[in-house]
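Presented below is the structure to which this report refers.
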Amino acid sequence: MIRAGRVTLNERIARDPERPVRMPQDRIEVDGSPLDKRSAIYLIMNKPRGVVTTASDEKGRETVYDLLEPGWPWVGPVGRLDKASEGLLLLTNDSEWAAKITEPAGHLDKKYHVQVDCVADNDLLARITRGCAAEGGLVERSFLERNPGEHFVAKAARLLRHGDKNSWLEITLDEGKNRQIRRLLEAQEVGVLRLVRVSIGPLELGDLKKGSVRPLTAEEKEEIDRALRAP
């Protein structure tokens, strides 16, 4: 629509989709009609395993949008959960708010319950919080500080319970790199059986049923905003 010349910015045609605008100072019109700000929507979903976090899938797999009731205005996922992961996923049409949630400067911890294919001990927990280089292998923390984009490390890790052959861990991240927990554990030669995100900042998944979606309450939204404002 922009490249076709149907969009004007301050009464002049703007054909560059990447051109920044100042909201709400700038006036944007489409086909001569001004854009009205949409009501903000904030949703929480319990994403099931096997569902992909995308609007459409070339392989015809079920997506998170298939779980939304027909008629919802457009919303986008806040961050991602890969196909094999499950749990808490936020969706919103407030892109500025979404960016604050996902950027490390937001300082919102994300907690995951992870089932692994071994009986975890204190040594494994220490290695998870020590971290590894992106290509694998444990490294000194001084390397992590010098090369922040080339490592995977957990903020915290603790044992929840264990059986004879596997364990459940709670792993806390304060950043969101692609497949971070899986790659961190792969470096320790530990396999992931299940990975469930259970909280983002103060917001907990709670008893929301798998595959269900609901709006955030005003109190939940305010709790997240308060956490984002915290120093």
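Here, each number is a calculation from the coordinates, and none is a lab measurement. Please read all numbers here as calculations on a predicted model, not as lab measurements. Note: ideal-geometry Cβ built from the backbone for every residue, glycine included; neighbour counts use all protein chains shown.
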- Message: How would region 70-122 be classified by its alpha-carbon gyration tensor: rounded, prolate or oblate, with rounded meaning a/c under 1.5 and the a/b versus b/c comparison settling the rest?
- Response: oblate
- Task: Of the listed pairs 155/177; 47/111; 155/210; 110/221; 37/110; 83/165, which have alpha-carbon separations greater than 19 Å here?
- Result: 155/210; 37/110; 83/165
- Query: Taking the chain as a Gaussian network, Cα atoms linked when under 10 Å apart, which of 117, 109, 26 shows the biggest mean-square fluctuation?
  - Reply: 26
- About its Cα centre, how strong a charge dipole does the chain have in debye, to the nearest 20, once Lys and Arg get +1 and Asp and Glu get -1 at the Cβ? 160
- Take every Cα-Cα distance within the chain, group them into 10 Å bins from 0 onward, and report for each bin the whole-number percent of pairs it holds. 7, 26, 30, 23, 10, 4, 1
- Taking neighbour Cβ counts within 10 Å as the exposure measure, how do 118, 132 sort from fewest upward? 118, 132
- Kindly provide the helix-only [θ] at 222 nm of the chain, computed as the sum of -39,500 (n - 2.57) over DSSP H runs of four or more divided by all residues, to the nearest 500 deg cm²/dmol? -5000 deg cm²/dmol
- Counting pairs of alpha carbon atoms under 8 Å apart in space and at least six apart in sequence, what relative contact order in percent does the chain give? 22
